[in-house]
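What follows is a single structure, written as structure tokens, with notes after it.
No value in this document is a laboratory result; all are computed from the given coordinates. Everything numeric here is computed off the predicted structure, so don't read it as measured data. As a convention, Cβ positions derive from the backbone with ideal geometry for all residues, glycine included, and neighbour counts pool all protein chains shown.
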Amino acid sequence: MQVRSAVIPAAGLGTRFLPTTKSVPKELLPIGDRPGLQLVIDEAVGAGIDHFVIVSNRSKPAIESYFEPAPALVAALEASGRRELAATISGIGSDWRVTIVYQDEPRGLGHAVGCARDAVGDEPFAVLLPDELMGDSSLLAHMNGLCLRSGGSVVALKEVPTDEVSAYGVIDPAGPVNDDGEVPIADLVEKPPIDAAPSNLILIGRYVLTPDVFDEIAALRPGAGGELQLTDALRAQATRAPFHGVVSDVSRHDTGNPLGLLTASVEWTLRDPQSRDELRSFLDEVTSRPTP
Ligand code: G1P
């Protein structure tokens, strides 16, 4: 069975982007020519997902507006001959469906995913953290396949230098990484001190989870940072069921901070044949100037 639903936690207040995020949700800030949220949706659509459960916050009504039909705008674009843009706008939510649910208290990622339980139902589902940007859909498609093959949850991993592990969820592998980058997982720990980290393989914000994780989430107690941590629910799953990771060498951008948003935007724009030459010459020119 194809994994159909993806949960996108988007209830955070984006304090690293204040004052912008006073009125614009950080998930709608542009990366290249579209909102970061749309890029994450595009990645999942490419992996066969057609239902998005956005976990939002009632103080961010612009998230809902983004998914609402805009017939007057589409008509105006068509009337002025901008057919491609009109098709992009009318395509939002037409081949896939959106359910908005709310997390009104910031109680952690585990709690946010738990808010999506009724909307997801009793089937495997993906979780995509919108602060992490992947280049394409291949990693998620691989994870979907491994979840269906193994019958257990799958997380995306990346190897990082040991001094970086404490900012992330870290896995304890139960065996070697195979030629396809797949690794069995014995245990997981959220933001361990460096000397207690079981490996340097970190969770990078893509998950394909079996629905029994919702029972583990419901039983969570506060973990790292006093929050209900998704990693702790996964840890409970890993002790009693097959649980795997897929190690990826994607170039990650943490778009949850201003510099990461900028580097993601540069990389994204360099992929666009219409803009890349101009951006490249600008970058060459600006970086050859003496530093102010
Ligand atoms: C969350 C997860 C963590 C993961 C990280 C990836 O942490 O809890 O396990 O490694 O995302 O970005 P956060 O960045 O929300 O602190």
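For region 156-234, the extents of the C-alpha atoms along the principal axes are 35, 27, 19 Å, listed from largest to smallest. Adding -39500 (n - 2.57) for every DSSP H run of four residues or longer, then dividing by how many residues the chain holds, sets the calculated 222 nm ellipticity at -9500 deg cm²/dmol. Sort out the exposed loop trypsin sites (Lys or Arg not before Pro) in the chain (DSSP loop, at most 14 other Cβ within 10 Å) and tell me the longest stretch that has none. The segment 83-239 is the longest one with no such site. The count of lysine pairs in the chain whose Cα atoms are under 24 Å apart, excluding pairs fewer than 8 places apart on the same chain, comes to 4. Between Ala75 and Asp42, the simple label model (points 7 Å from Cα in the Cβ direction) yields a spacing of 2.9 nm. Placing +1 on the Cβ of every Lys and Arg and -1 on the Cβ of every Asp and Glu, with nothing else charged, gives the chain a dipole about its Cα centre of roughly 620 debye. Counted over the chain with a bin width of 10 Å, the fraction of Cα pairs per bin, in whole percents, is 6, 26, 35, 22, 9, 2, 0. The value for region 152-193 of Rg(Cα) / (2.2 N^0.38 Å) is 1.18. Classified by the C-alpha gyration tensor, region 111-159 has an oblate form. Its axis ratio a/c, with a ≥ b ≥ c, is 1.5 or above, and a/b does not exceed b/c. Between Ala141, Ala119, Ala70, the residue with the greatest mean-square fluctuation in the GNM of the chain (Cα pairs under 10 Å linked by springs) is Ala70. Report P(r) for region 77-210: all Cα-Cα distances, bin width 5 Å, range 0 to the bin holding the largest distance, values in whole percent. Computed distribution, short to long bins: 2, 8, 14, 17, 19, 14, 10, 7, 5, 3, 2, 1, 0.
The ranking of Met134, Met1 from fewest to most other beta carbons within 10 Å of each one's beta carbon is Met1, Met134.
According to the Kirkwood relation over distinct C-alpha pairs, the hydrodynamic radius of region 1-105 is 14.8 Å. In the elastic network of the chain, a GNM with C-alpha springs shorter than 10 Å, the most mobile of Asp215, Asp232, Asp95 is Asp95. Every Cα-Cα pair in region 123-271 was counted, and those over 29 Å apart are 14% of them.
With the convex hull built on the Cα atoms of region 185-292, state its orientation-averaged projected area in nm².
10.9
Can you give the FRET efficiency to the nearest 0.05 for Gln274 and Ala174, using r as the Cβ-Cβ distance and R₀ = 41 Å? Once the sixth-power term is evaluated, E becomes 0.30. Distance between the 7 Å Cα→Cβ label points at Asp284 and Asp163: 3.5 nm. Remark on His51: its backbone amide H falls under 5 Å from those of Ala6, Arg97, a criterion applied only to residues 5 or more positions apart or on other chains, H modelled at 1.01 Å from N. In a reduced charge model with +1 at each Lys and Arg Cβ and -1 at each Asp and Glu Cβ, region 50-96 shows a dipole moment near 200 debye about its Cα centre.
For the chain, with a Gaussian network of springs between Cα atoms less than 10 Å apart, report the residue from Ser65, Ser56, Ser150 with the top mean-square fluctuation. With Cα springs under 10 Å in the chain, the top fluctuation among Ser65, Ser56, Ser150 is at Ser65.
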